[in-house]
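What follows is a set of notes on a single structure, which appears directly below.
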Amino acid sequence: MSEKKTIGQRVHAFFTEIGELSMFAGRYFREVTSPPYEFNELLRQSYQIGNRSLLLVGVTGFILGLVFTLQSRPTLMEFGAESWMPSMVAISIVREIGPVITALICAGRVGSGIGAELGSMRVTEQIDAMEVSGTNPFKFLVVTRITATTLMLPLLILFGDAIALLGSALVENLKGGVSFQLYFNLVFDALKFGDILPATIKSFFFGFAIGIIGCYKGYHARGGTQGVGVAANTAVVVSSVVIFVLDMIAVQITELIL
């Protein structure tokens, strides 16, 4: 009986948190469309999330393209199909690998940062002080961060995809003697509108998921410094799982439409 009760409590807690997260998201949509608008804080958060993630995303993308090409090239050479390398790498990275890997990297860096920052403000009662002083902490802290992640992640994904293709082109240039111009001509010949548009659209959802989960976990942190650590950790874990779920849904919808 105790085990069943424990499972029941976990299921109840899971659905309770889903409901609270939904209400949190609903409050965001109400607040984001109502004045006053915190443009200065939005720009600051966009800089923190976007510009300061460029190096990590760029290095990850370059290594991704490099390794993916090095691992795939011997197999294609066995079938005499190494000429397919640019189109295969481009479609794989732009459609799936680039958006998912970049989103996971940002979930680890951005999601944990937001969770830890808002969590520390909650447990040190800074958010309560903002409420007492008449400031709307939700609009200033939450709305700006969620909007910034939603807008910046697609740009980071495009940047990561470009760097990944550059890494792949470098391998092809060194191993196969393929010029950079020829490589990118083959890449753009292979990519279609139906490859780029779905990947771009789902990247907005990835960014929104990272922002909303990080803010929710941090905004509702409890239990002192330990609660801050829990908020940062769960923000990364839950964001990563949601990214995979959203990607699976996006793939199914894309297959139905295209």
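Miscellaneous remarks
- As a length-normalised measure over Cα pairs under 8 Å and 6 or more apart, the relative contact order of the stretch 182-258 settles at 34 percent.
- Top positive-direction residue, dipole computed over the chain with Cβ charges, set Ile93, Leu56, Tyr37: Tyr37
- Average projection, convex hull of the Cα set of the stretch 152-195: 3.3 square nanometres.
- A simple spin-label model places the labels of Leu191 and His220 3.9 nm from each other, with each point 7 Å out along Cα-to-Cβ.
- Across the options Leu191, Gly176, Thr254, the greatest Cα extent toward the positive end of the charge dipole of the stretch 152-258 (unit charges at beta carbon of Lys, Arg, Asp, Glu) belongs to Thr254.
- Sorted largest first, the spans of the alpha carbon positions of the stretch 97-187 along the three principal axes are 66, 19, 14 Å.
- Cα coordinate range in the stretch 130-180, projected on the principal axes (Å, largest first): 66, 12, 9
- Exposed loop sites were defined as trypsin sites (Lys or Arg not before Pro) in DSSP loop states (anything but H, G, I, E or B) carrying at most 16 other C-beta atoms within 10 Å; in the chain the longest segment without such a site runs 1-191.
- For the stretch 203-251, the spread of Cα coordinates along the three principal axes comes to 41, 14, 10 Å, biggest extent given first.
- Mean projection area, nm², convex hull over Cα of the stretch 168-251: 8.2 nm²
- Candidates Gly211, Gly176, Gly119, ranked by Gaussian network fluctuation over the chain, Cα under 10 Å, top entry: Gly176
- The chain - Debye-derived log10 I(q)/I(0), Cα point model, q = 0.11, 0.16 Å⁻¹: -0.68, -1.13
- Volume in Å³ per residue [convex hull over Cα atoms, computed for the stretch 48-111]: 74 Å³
- For the chain, accessible area per residue (1.4 Å probe, heavy atoms of protein chains only), Å²: 54 Å²
- Label-point separation, Leu174 to Thr6 (7 Å along Cα→Cβ), nm: 5.2 nm
- Here the dipole of the chain is about 420 debye; that uses its Cα centre as origin and unit charges on the Cβ of Lys and Arg (positive) and Asp and Glu (negative).
- Its Cα centre serving as origin, the stretch 163-258 has a Cβ charge dipole (Lys and Arg +1, Asp and Glu -1) of approximately 380 debye.
- Fraction of accessible area attributable to carbon and sulfur, the stretch 1-94 (%, probe 1.4 Å): 66 percent
- At R0 = 22 Å, FRET efficiency that the Cβ-Cβ distance of Phe39 and Met130 yields, to 0.05: 0.75
- P(r) weight above 14 Å for the stretch 3-77, C-alpha pairs, percent: 79 percent
- Value at 222 nm in deg cm²/dmol, rounded to 500, when DSSP H runs of n ≥ 4 in the chain each add -39,500 (n - 2.57): -27500 deg cm²/dmol
- Loop-resident sites, the stretch 61-160, for GluC sites (Glu not before Pro), counting at most 15 other Cβ within 10 Å (DSSP): Glu125
- All Cα-Cα distances of the stretch 21-130, cut into 10 Å bins from zero to the largest, leave 11, 27, 28, 16, 11, 6, 1 percent in each bin in turn.
The values are calculated or read from the model by the stated rules, or taken from the named source; none is laboratory data. Quick caveat, the model's predicted, so the values are computed rather than measured. Cβ atoms come from the backbone with ideal geometry, glycine included; neighbour counts cover every protein chain shown. Protein only, heavy atoms only, side chains kept; ligands, DNA and RNA dropped before computing areas. Shrake-Rupley method; radii C 1.70, N 1.55, O 1.52, S 1.80 Å.
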